[in-house]
Amino acid sequence: MDFETQDQLAPCITLTDNALAHLTQLKEQKVVSSNAEKNALLLRIGVKQGGCSGMSYFMDFETQDQLAPCITLTDNALAHLTQLKEQKVVSSNAEKNALLLRIGVKQGGCSGMSYFMDFETQD
């Protein structure tokens, strides 16, 4: 199974100008050992256990070295995802090879938020 690289990702989050200005200000306030390290900071946004609904969002700036894999797949999980990808109905083998796995959170479910996972094309 081929996974997309960082430069192939379609934007999942859109920031307003005000949000970008606020994030820039927060990044400047982050204490690091050098300007080079500050310039290399990346924004991590995620979901973790906690909060009223059992899940809460978190956000922090981290360096590339601090980033742990977001998702770790066992051999069984990878085999299952490969099987699901093969079952996806598309118009050609080229389109099937271009499918990307998208995982996210959306409104819905008992707690107001639910997770989704599907294969889709980048278009």
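General observations
- Count - residues of segment 44-66 that are in contact (Cβ under 8 Å) with a residue 12 or more places away in the chain, open to solvent by less than 70 Å² (accessible area, probe 1.4 Å) and of a type outside the set (S, T, N, Q): 8
- Scanning segment 1-41 for residues that are outside any loop (DSSP other than H, G, I, E, B), at pLDDT below 85 and open to solvent by less than 90 Å² (accessible area, probe 1.4 Å) yields Q8, A36, E37, K38.
- Scanning segment 88-113 for residues being surrounded by 13 or more Cβ atoms within 10 Å (Cβ to Cβ) and under 18 Å from K48 (Cβ atoms) gives a total of 2.
- Criterion applied to I71, I45 was being within 22 Å of L100 (Cα to Cα), hydrophobic (A, V, I, L, M, F, W, C) and either at pLDDT 75 or above or part of a helix (DSSP H, G or I) (or both), and the one residue passing it is I45.
The values are calculated or read from the model by the stated rules, or taken from the named source; none is laboratory data. Remember, predicted model here, so these are calculated numbers, not experimental data. Note: ideal-geometry Cβ built from the backbone for every residue, glycine included; neighbour counts use all protein chains shown. Surface areas here come from the heavy atoms of the whole protein model, side chains and all, with no ligands, DNA or RNA. Shrake-Rupley method; radii C 1.70, N 1.55, O 1.52, S 1.80 Å.
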